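A.B. asks: Take a look at this one; I'll ask things after.
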Amino acid sequence: MEQLHGNNEGLSMTFNVVPEVLQEVRERVRRLLADRKDEDMLDAALVIVTELLSNVYMHAGGCAELSIVPRWEVDQAEIVVSDQSEAKPVLQPCDEDASSGRGMALIDALADRWWVVPNPAGKELHVVVAAGIRHGDGASVGTLGCSA
């Protein structure tokens, strides 16, 4: 990890995205959110972080920034991943025969909302995940665009 800042107020990391670092990143996210006692929120956040960073690795390469800002007063957290690509993620129906391409559908299903903000170095993808029932527009995991 090149840079790391974290406490109960949030987490901020800048690093080269390589598969070997994902487990350490997931562990730091787990420690930040674990004391909230909401396993659904924690699980969703871990999957979202993994998918976002996998997308950076596959499509943008290089360096990324991950920030997680908990908003405990409303039982949610905002996950932000910045990368050096200007290409926006595409939410597409999943293809049952495809070996990839389901990441944004999974994120859409788990998140309350998400959006992309362009910046001079590339883009930021913001994802809000909340405790309790999901309010996002996503369908159930595994069914978006696929036959049930």
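A.B. asks: Looking at (1) more than 28 Å from P120 (Cβ to Cβ); (2) open to solvent by 70 Å² or more (accessible area, probe 1.4 Å), which is the one condition that is false for L91?
C.D. replies: Condition not satisfied by L91: (1).
A.B. asks: Right, here's the next one. If you go through segment 60-88 one residue at a time, how many are open to solvent by less than 20 Å² (accessible area, probe 1.4 Å) and in contact with a Cys (Cβ under 8 Å, 6 or more places away or on another chain)?
C.D. replies: Matching residues across segment 60-88 total 1.
A.B. asks: So, one more: Looking only at segment 33-54, which residues are surrounded by fewer than 22 Cβ atoms within 10 Å (Cβ to Cβ) and either touching a residue at least 60 places away in the same chain (Cβ under 8 Å) or touching a Cys at 6+ places or on another chain (Cβ under 7 Å) (or both)?
C.D. replies: R36, D38, D40, M41, V47
A.B. asks: Mind listing whichever residues of segment 94-103 are surrounded by 12 or more Cβ atoms within 10 Å (Cβ to Cβ) and either more than 14 Å from V47 (Cα to Cα) or modelled with pLDDT of 90 or more (or both)?
C.D. replies: C94, D95, G101 - these are the residues of segment 94-103 that are surrounded by 12 or more Cβ atoms within 10 Å (Cβ to Cβ) and either more than 14 Å from V47 (Cα to Cα) or modelled with pLDDT of 90 or more (or both).
A.B. asks: Of the residues in segment 71-93, how many are over 20 Å from L53 (Cβ atoms) and not in a strand (DSSP E or B)?
C.D. replies: Qualifying residue count, segment 71-93: 5.
The values are calculated or read from the model by the stated rules, or taken from the named source; none is laboratory data. No experiment lies behind these values; they were computed from the predicted model shown. All Cβ positions, glycine included, derive from the backbone under ideal geometry; neighbour counts span all protein chains shown. Areas reflect the complete protein model, heavy atoms only, side chains present, ligands, DNA and RNA absent. Shrake-Rupley method; radii C 1.70, N 1.55, O 1.52, S 1.80 Å.
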